[in-house]
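Peer 1: Take this structure, written in structure tokens, and hold onto it; I'll ask about it next.
The values are calculated or read from the model by the stated rules, or taken from the named source; none is laboratory data. Remember, it's a predicted structure, so these values are computed and weren't measured experimentally. Cβ: placed from backbone, ideal geometry, glycine included. Neighbour counts: every protein chain shown.
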Amino acid sequence: MKADPSPRPKILILVSGEGSNLQALIEASRERDYPADIVAVGSNQAKAPALAKAAHANIPTFVIEHGRYGSRDEFDGALMQEIRRHNPDLIVLAGFMRILTEGFVRALRGQLLNIHPSLLPKYTGLNTHQRALNAGDKLHGVSVHFVTEELDGGPIVAQAQIAVGADDSAETLAQKVQAQEHVLYPIVVRWCCEGRVQLGAEQVLFDGQALHQPLVLPAN
Ligand code: GAR
């Protein structure tokens, strides 16, 4: 009898909003050679449209509403319990708009990936598109990074750039950045699931070598 094939990596995705990145990951995971299965989608927002996208794809969902918890520690404790239940190899934050506690992030070191709509280290936090416009930036974009205790400050795996045009508004930049997000995130998640990308002691390792600069998909 043939030995069982080694189990495919399991991804758990956390969302708070629309779920367009979730949708991109669902579609990627349906490709025959995609090296991972999405085992669950969790949200801190019961009404997040992303949850309907997950349900439509027959992916189990859970909701941990942050308003029901007295502190960040309690919320993160409940979230951790739910994550452990699914035993994922990788936790993918896809528009998950909660700041996680240091203990939570440390416990999942190297297993937590985030996507952020700016060319980090520029513009951590919110309103990244308007801030890029206000600064007169000619290049803007998106970063995928490992989550560490520093908000939006963990080691960056890859970025995709977009050119900022004279007519761009925060809304058009958001659209252009999101189109790049939907390309970049499935690629980086694939690399993580294939074991090509890992978090080393201080920096990202790509195929076992320290990555001194993020990989960049340039603006075309
Ligand atoms: C994405 O643009 C993502 O980069 C951003 O939220 C959006 C979620 O969209 N994340 C952050 O700002 C995290 N700091 P989606 O729900 O359609 O995927």
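Peer 1: Within the range 101-113, count every residue that is of a type in the set (Gly, Ala, Ser) and assigned to a loop (DSSP other than H, G, I, E, B).
Peer 2: 1
Peer 1: When you scan the range 1-100 for helices (runs of 4 or more DSSP H) that lie fully inside it, which ones turn up with 3 or more residues that are more than 16 Å from the ligand (Cβ to nearest atom)? Quick ask: steps written out before the conclusion?
Peer 2: Numbers: elements: 20-29, 49-56, 72-86.
Here the list reads 72-86.
Peer 1: With respect to Phe75, determine if the residue is of a type in the set (A, V, I, L, M, F, W, C), at pLDDT 95 or above and out of contact with any Ser or Thr (no Cβ under 8 Å at 6 or more places or on another chain). Lay out the reasoning, then the answer.
Peer 2: On the way: of a type in the set (A, V, I, L, M, F, W, C): yes; at pLDDT 95 or above: yes; out of contact with any Ser or Thr (no Cβ under 8 Å at 6 or more places or on another chain): yes.
Judged against the criteria, Phe75 is a match.
Peer 1: Something else about it: Go through the range 102-155 and give me each residue that's aromatic (Phe, Trp, Tyr) and under 16 Å from Val189 (Cα atoms). If you could, list the steps in order and put the result at the bottom.
Peer 2: In the first step, residues of the range 102-155 are kept if they are aromatic (Phe, Trp, Tyr); the result is 104, 123, 146.
If the condition is that a residue be aromatic (Phe, Trp, Tyr) and under 16 Å from Val189 (Cα atoms), then Phe146 is the only one that fits.
Peer 1: Applying the selection to the range 168-211, what residues are at pLDDT 95 or above and among the small types (Gly, Ala, Ser)?
Peer 2: Residues satisfying the conditions are Ser169, Ala170, Ala174, Ala179, Gly195, Gly200, Gly208, Ala210.
Peer 1: Another question, then. I'd like the residue in the range 1-30 that is modelled with pLDDT of 95 or more and of a type in the set (D, E, K, R) and, out of all such residues, is nearest to Asn87 (Cα to Cα).
Peer 2: Just the residues of the range 1-30 that are modelled with pLDDT of 95 or more, to begin with: 9-30.
Those left that are additionally of a type in the set (D, E, K, R): 10, 18, 27, 30.
Numbers: Lys10: 8, Glu18: 25, Glu27: 22, Arg30: 21 Å.
Per the criteria, the residue is Lys10.
Peer 1: Considering only the range 114-152, state which residues are in a loop (DSSP other than H, G, I, E, B), touching a strand residue (DSSP E or B) at 6+ places or on another chain (Cβ under 7 Å), under 14 Å from Leu93 (Cβ atoms) and not aliphatic (A, V, I, L, M).
Peer 2: Pro117, Asp152
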